[in-house]
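S.K.: One structure is given below, represented as structure tokens, and several questions about it will come after.
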Amino acid sequence: VQLQASGGGLVQAGGSLRLSCAASGSIFSINDMAWYRQARGIQCEWVATITSGGITNYADSVKGRFTISRDNAKNTVYLQMNSLKPEDTTVYYCQLVRPGGMTYWGKGTLVTVSS
């Protein structure tokens, strides 16, 4: 399984970015997908999850600002990030969770929010 994240960049506070994560090597539609981010003092902070059935969950810190979605035809999961804050600055990673629980990680994409 390979995951390729993209879409990071530099944006001003209040702006938006959309991250993408393309998966290969697995039947995408049966897997849960998640986004994590590197947080200071925490190895990895969970951001959002979308299940194979399309159920979404969000960390309190991003609820109402971020939206996770998936396009099974494109084997891609997205993270739409609106109202970005400087504290959202970090590297974001996508994760694939297979039905048996095995997880796979992609290389991160850097998001920088300037104040």
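The values are calculated or read from the model by the stated rules, or taken from the named source; none is laboratory data. Worth saying up front: this structure is predicted, and the values here are computed from it rather than measured. Here Cβ is always computed from backbone atoms with ideal geometry, including for glycine, and neighbour counts include all displayed protein chains. SASA here: full protein model, heavy atoms, side chains in, ligands and nucleic acids out. Shrake-Rupley method; radii C 1.70, N 1.55, O 1.52, S 1.80 Å.
S.K.: Looking at this structure, is residue 67 closer than 15 Å to residue 36 by Cβ and either within 12 Å of the chain's Cα centre (by Cα) or free of Cβ contacts under 8 Å to residues at least 40 places away in the same chain (or both)?
M.R.: Spelling it out, it is not the case that residue 67 is closer than 15 Å to residue 36 by Cβ and either within 12 Å of the chain's Cα centre (by Cα) or free of Cβ contacts under 8 Å to residues at least 40 places away in the same chain (or both).
S.K.: A further question follows. Please go through the stretch 23-61 and pick out each residue that is modelled with pLDDT of 95 or more, out of contact with any strand residue (DSSP E or B) (no Cβ under 6 Å at 6 or more places or on another chain) and open to solvent by less than 50 Å² (accessible area, probe 1.4 Å).
M.R.: 54
S.K.: Which of the residues that make up the stretch 65-113 are touching a helix residue (DSSP H, G or I) at 6+ places or on another chain (Cβ under 7 Å) and open to solvent by 40 Å² or more (accessible area, probe 1.4 Å)?
M.R.: Selection gives 72, 75, 99.
S.K.: While we're looking at this one, here's another question. Can you tell me how many residues within the stretch 34-60 are out of contact with any Gly (no Cβ under 9 Å at 6 or more places or on another chain) and farther than 14 Å from residue 90 by Cα?
M.R.: Adding up the residues that qualify gives 13.
S.K.: Return the pairs, sorted by first residue and then second, in which the second residue is modelled with pLDDT under 95, the first residue lies in the stretch 73-102 and is farther than 21 Å from residue 4 by Cβ, the beta carbons are less than 7 Å apart, and the residues are 6+ apart or on different chains.
M.R.: Sorted first by the residue in the stretch 73-102, then by its partner, the pairs are 86/115; 99/30.
S.K.: Still on this model: Can you tell me how many residues in the stretch 45-64 are in a strand (DSSP E or B) and either among the polar types (S, T, N, Q) or in contact with a helix residue (DSSP H, G or I) (Cβ under 6 Å, 6 or more places away or on another chain) (or both)?
M.R.: 3
S.K.: Would you mind stating whether residue 83 is assigned to a loop (DSSP other than H, G, I, E, B) and among the hydroxyl-bearing types (Ser, Thr, Tyr)?
M.R.: Details: assigned to a loop (DSSP other than H, G, I, E, B): yes; among the hydroxyl-bearing types (Ser, Thr, Tyr): yes.
Criteria met by residue 83.
S.K.: Condition test on residue 19, is it surrounded by 15 or more Cβ atoms within 10 Å (Cβ to Cβ) and under 16 Å from residue 62 (Cβ atoms)?
M.R.: So residue 19 passes the test.
S.K.: Still on this structure: Filter the stretch 1-28 down to residues that are outside any loop (DSSP other than H, G, I, E, B) and among the polar types (S, T, N, Q) and give me whichever is farthest from the chain's Cα centre (by Cα).
M.R.: First pass over the stretch 1-28, keeping only residues outside any loop (DSSP other than H, G, I, E, B): 2-6, 9-12, 17-24, 28.
If we keep only those that are among the polar types (S, T, N, Q) too, we end up with 2, 4, 6, 12, 20, 24.
Numbers: 2: 15, 4: 11, 6: 10, 12: 19, 20: 7, 24: 16 Å.
Result: 12.
S.K.: Being without any contact (Cβ under 8 Å) to a residue 40 or more places away in the chain and part of a strand (DSSP E or B) is the filter here; which residues of the stretch 29-44 pass it?
M.R.: Of everything in the stretch 29-44, those that are without any contact (Cβ under 8 Å) to a residue 40 or more places away in the chain and part of a strand (DSSP E or B) turn out to be 42, 43.
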